[in-house]
Each structure stands twice: as structure tokens, then as C-alpha cells.
Amino acid sequence: MTDVRVRDLDDDIVSLLKEQARGHQRTLENYIREVLTDLATRPMRELAERAARLRESIKAESGILTDSAPFIRDERDRRG
């Protein structure tokens with residue numbers, strides 16, 4: 001793992017982070033690690049959630065779609 005140092009953070013911000021860490025029963029270091037991890041992975045999670053909603057929407061609209069690969073193979077082999 002890599003160490004990261006943040007310099008020149010306002011004392012008020014550090015105090016707020018310490019309060020939030022205490023509220024979550026975490027050390028400041030663990031709390032900041034969790035916050036940064038959440039922020040960094042949020043776009044990936046949101047994209048996965050959007051994809052899941054889209055799949056559900058398609059499924060509700062069209063039912064379960066079959067895999068087209070066997071049909072494509074059959075057609076390709078037929079034209080062979």
C-alpha cells in the first residue's frame with residue numbers, strides 16, 4: 001500500500017473529520033481511508049447500478065432474451 005500525505009488542511013476541516021470519525025466509531029485514519037475509497041469507487045458502483053436498472057427495464061419490456069450466439073454460428077455454418 002502507498003502512503004499519502006495531505007498538507008495544509010484547515011484545522012476546522014480536521015476537527016470536522018475527527019468528529020465524523022468518532023460518530024462512526026473509527027479512527028481518523030480509518031475514516032479518511034473509507035471516505036476516499038467510497039469517493040474513488042462511487043462512479044464504478046453507479047455505473048453498475050445503472051446497468052442493472054437497464055437490464056431490468058429491458059427484461060420487463062421484452063422478457064428474457066435468449067443468447068444469439070448459437071443462431072449466429074448456425075447461420076455462419078449454413079453459409080459456410
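The values are calculated or read from the model by the stated rules, or taken from the named source; none is laboratory data. The structure displayed is predicted, hence computed values, not measured ones. So basically every Cβ, Gly included, is an ideal-geometry build from the backbone, and we count neighbours across all protein chains shown.
Structural remarks
- In summary, residue 38 fulfils each of the numbered conditions (1) at pLDDT 95 or above; (2) not in a helix (DSSP H, G or I) with the single exception of condition (2).
- In a residue-by-residue description of segment 12-19, the property of being surrounded by fewer than 12 Cβ atoms within 10 Å (Cβ to Cβ), among the aliphatic types (A, V, I, L, M) and assigned to a loop (DSSP other than H, G, I, E, B) applies to no position.
- Applying the criterion of being surrounded by 10 or more Cβ atoms within 10 Å (Cβ to Cβ) and of a type outside the set (Ser, Thr, Tyr) to the residues of segment 34-47, the residue that is farthest from residue 18 (Cα to Cα) is 47.
- Qualifying residue in segment 64-72 (condition: surrounded by 10 or more Cβ atoms within 10 Å (Cβ to Cβ), assigned to a helix (DSSP H, G or I) and without any contact (Cβ under 8 Å) to a residue 12 or more places away in the chain): yes
- Unique residue being outside any helix (DSSP H, G or I) and exposed (fewer than 10 other Cβ atoms within 10 Å of the Cβ) when the list is 26, 5: 5
- Hey, residue 53 of a type in the set (Lys, Arg) and either part of a helix (DSSP H, G or I) or in contact with a Ser or Thr (Cβ under 7 Å, 6 or more places away or on another chain) (or both) or not: yes
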